[in-house]
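Please treat every number below as a calculation from the coordinates, not as lab data. Not measured: the values here are computed from a predicted model. Note that we place each Cβ from the backbone using ideal geometry, even for glycine, and neighbour counts take in every protein chain shown.
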């Protein structure tokens, strides 16, 4: 039975947002978006302000990575076009991030006037977002608006990509047709017979194989399969690595967790385990250069069970229409029936950090010190650069966020706002270089403004350090920002400058035990890189 | 005689940049852009680093407004897509801003791999910039690269719009064909006979008309006609207003300068003079909502001589192919032949500011105090919001910069870097609201890093104040940033908090006399608006 009635765009949007898992959005208002923001607020879907729109989009992206849906609300062009990069990042890394934009009213567009924020024509913003999102809608028709909203959201979830919805300001309070249907999400389709055969085939490969290894990738996370991944590990007794995009999807403190596999960036132990695995079973891994350490991976395709969002490859055989979301649960079910071996579930003890006196800081020791104090009440947010590489050696207590493939700098600080709001029980711990920090540092204030208390560790190597070994020049030098002094203009938080291990250890310990915004600037030598980055450099040299 | 020889892309780019007036660019490097940045530096075309790419694009935009060409250099996607908004602003406001982007090498793209920074495909960034620039080129062919560069730059200058050039990193050192021709710029074409008639016609209208008024708009500035505008004023004795986009194109301290005409935002005196003008002669005015005070202008089209970039309308007659760049000099030439009256050239004395004791600050008094101390060694940079409206009552000593039509917040602080580098003799004085300041505040450090010493006046009305009268809610509230304390993390400059006129006057006086970065946070009441904004609100109310 469907009943036709009317509602408003804001009502329908908020209903869908909450169904999809989002309770609030991030964004900055403007005159073309005022009414939209007001109605969303009245419907208990607040839009949390940030310093700049870019920060709002990164925050909403992080929120989406944890809640499976995120909303960034902006005004026309001057807001929307500021988040083109963040939206592109959501495309690249499969994040269902919705860009919701106010725009000039339909009536105002008559005679094509030059209204402020307009670019080539009234469709310029739509055209830009058509290039970087999976579905778009301009809600200019009351009869189709609800369907259009549903179409965009459905495509976003089906394909795990960003979407775009534009609301002309004179449409906000118009009655729209609403069929009051639940949102019908279509996951990638399943061929039941092939699923059965694929499970059978995979079990034969896995059966009794003592040296099999699993890799959990980003699509496994996006499809909400974290619990199943842990089940898989514990039922099959197969050690599991993650990728940098899915770091911590099972706690890296689990005895069967191998940590991040990132080609030559990973430790020799991980490289060996993955390289020699027979079979290697991968769940939703994005096979991209940075994810694979600049393609320094050595995976024997003949020995791989590759489970993707649409199909499963077992060695050289492909099972079409056997998507990960159906395959992984079926595989676990089969394992349960066969009463596979039981495996230990007790997490490993935290590694101890033995302080070296008067020892200047290094990326390696920052990671080691951090590993000794964080637990499952903390979530790592890691910016690209040597923080990303170095974090490969840092066991994450739970799912960590990073722009680890698209590699947009300045992601982690605003992402801490989104992450902190999405999962309030998990305090954000940000690892960011000085170059990336300079891009979005003021979003630390936004986080605090909205009740999030990140610990921000600025690893200061005096410029764009990761690039210096490739090619150095004045373009890698940046102005010094004394990050720890930012708490003065903020008027809140605690800032600490650290040059020695003892200082860092103390500052970190204080931060962990003190729920407030903490900014710790950890100085490392200009040419001091993480062991992980040095491993990569070595591997790349060998390839040449 | 043309000689064919070879050169490199970087060589050809730098040659053209310098021909067009640019000696340096602004931007942030990335691995796909490293070689390009390095070669530009070696060719004495440095790319000045900023905090975030957005700041670089705004700086380059400001540079272009003063030097008639600006370059923002970025890396692929994560750099380029961050400047989509700034580029769109350059489109809207007719700025020849070039976005120069590094990108993956042609060879690397083989087999379509997922390289970091990639979005949908390797053309995504190009497609986005196709929506917001006038000409685009990906330099993947050594035989056509030089011609492609010239085509993009030529279109940018002809149409006064932004352009896009992408350099795959394996093309940087390739020999390219170079015909060694000078860059042939095509200005809008001229029909000589119509030009002659248009001048004749205009002279008849202007002849003896004691109440004619001129308005100089943005295209007159873009075509480099500032000198001619002053000549016009002094030869015809016609008072001249500007628009907010061309504020100060003739010094507003000139006895014949009327200040900014912005519809009802302007003072009654200016509105009356412009409204009653017979004839009103406009030079390159962009007829847009914000420029015309939300279309609160009252221009009698039958009494207007309208000179545009392509044609002249005199009353209801149109002279096609009579572009401003040809018409204005011809009109002045004719005036000279007729020995028109001479007019005073002595600038007016600076208005005095009589300090009121214990008087809390207001936008009006900030403008008045500023007017009393700035002179032609200062350049105003004005962010949208009440700073823009209020500045209508502040006489600018010379050409001022503002995103006065596109109205993108956060423009002015990074623009001060570009302006300071473009015209080192003219110290930037920034007027910015607290909301806009929060967006790009760290670019004040970039300015200082590159030797520019702006005076930044943060008019703090505690949130997005201009929007509160339209619709208020929590979305207009922002976190407090104590702007004056930013000098602590910067480690340079002087910061002052002012609540009273006396404090502001003192701080400003210190800043004017002390060449350093100054950040003055001037607190005004949350609901304290400029007289200009109140005039607009009144007019809009009457219209309803």
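Listed values, structure above:
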{"read-out": "Anisotropy class of region A:4-159 from Cα gyration tensor, a/c 1.5 cut", "value": "rounded"}
{"read-out": "Percent of beta bridges antiparallel (DSSP, the protein assembly as shown, rounded to nearest 5)", "value": "15"}
{"read-out": "Value of relative contact order over chain B, rounded to a whole percent, pairs C-alpha under 8 Å and six or more apart", "value": "13"}
{"read-out": "Number of partner chain Cβ atoms within 10 Å, mean per residue of B:395-406", "value": "1"}
{"read-out": "Cβ crowding within 10 Å averaged over residues, with A:447-456, B:18-27 ranked highest first", "value": "A:447-456, B:18-27"}
{"read-out": "Distribution of pairwise C-alpha distances over region B:139-181, 5 Å bins, in %", "value": "5, 23, 28, 21, 15, 7, 1"}
{"read-out": "Relative contact order, percent, region B:405-452 [alpha-carbon distance under 8 Å, six or more residues apart]", "value": "52"}
{"read-out": "Region B:478-532: Cα Rg divided by the 2.2 N^0.38 Å rule of thumb", "value": "1.24"}
{"read-out": "Relative contact order of region B:1-79, pairs being alpha-carbon contacts under 8 Å that are 6 or more residues apart, as %", "value": "37"}
{"read-out": "Packing-based order for B:52-58, B:234-240, using average beta carbon neighbours within 10 Å, highest first", "value": "B:52-58, B:234-240"}
{"read-out": "Binned Cα-Cα distance frequencies in region A:383-476 - 5 Å width, integer %", "value": "3, 14, 24, 24, 18, 9, 5, 2, 0"}
{"read-out": "Gain upon complete extension [residue B:287, residue B:527; 0.36 nm per residue less C-alpha separation]", "value": "83.4 nm"}
{"read-out": "Per-pair calculated FRET efficiency, R0 = 45 Å: residue B:23 and residue B:272 via Cβ, rounded to 0.05", "value": "0.50"}
{"read-out": "Span per principal axis, largest first, for the Cα atoms of chain A (Å)", "value": "67, 63, 45"}
{"read-out": "Overall form of region A:205-340 per C-alpha gyration tensor (a/c, 1.5; a/b vs b/c)", "value": "rounded"}
{"read-out": "Three-way shape label, region B:341-409, alpha-carbon gyration tensor, a/c 1.5", "value": "oblate"}
{"read-out": "Mean residue ellipticity (222 nm) of the protein assembly as shown, computed from DSSP H runs ≥ 4 via -39,500 (n - 2.57), nearest 500", "value": "-10500 deg cm²/dmol"}
{"read-out": "When the convex hull of its Cα atoms is projected in every direction, mean area for region B:176-265 (nm²)", "value": "9.4"}
{"read-out": "Extended-chain gain in nm, criterion 0.36 nm per residue less alpha-carbon gap, residue A:192 and residue A:347", "value": "52.2 nm"}
{"read-out": "Projected-area mean, region A:125-217, by convex hull of Cα positions, square nanometres", "value": "9.6"}
{"read-out": "Within region A:190-211, backbone nitrogen closer than 19 Å to the virtual label 7 Å beyond the Cα of residue A:333 toward Cβ", "value": "A:190-204"}
{"read-out": "Among A:401-412, B:191-202, the order from most to least packed when residues are scored by Cβ within 10 Å on average", "value": "A:401-412, B:191-202"}
{"read-out": "Principal axis box of region B:88-129, alpha-carbon based, largest edge first, Å", "value": "40, 17, 13"}
{"read-out": "Computed P(r) (all Cα pairs; the protein assembly as shown; 20 Å bins; percent)", "value": "13, 42, 34, 10, 2, 0"}
{"read-out": "Packing-based exposure ordering (other Cβ within 10 Å, fewest first) of B:262, A:171, B:471", "value": "B:471, A:171, B:262"}
{"read-out": "Residue mean of other protein chain beta carbons inside 10 Å, A:477-489", "value": "6"}
{"read-out": "Exercise: per-residue mean of other protein chain Cβ atoms within 10 Å, A:27-38", "value": "4"}
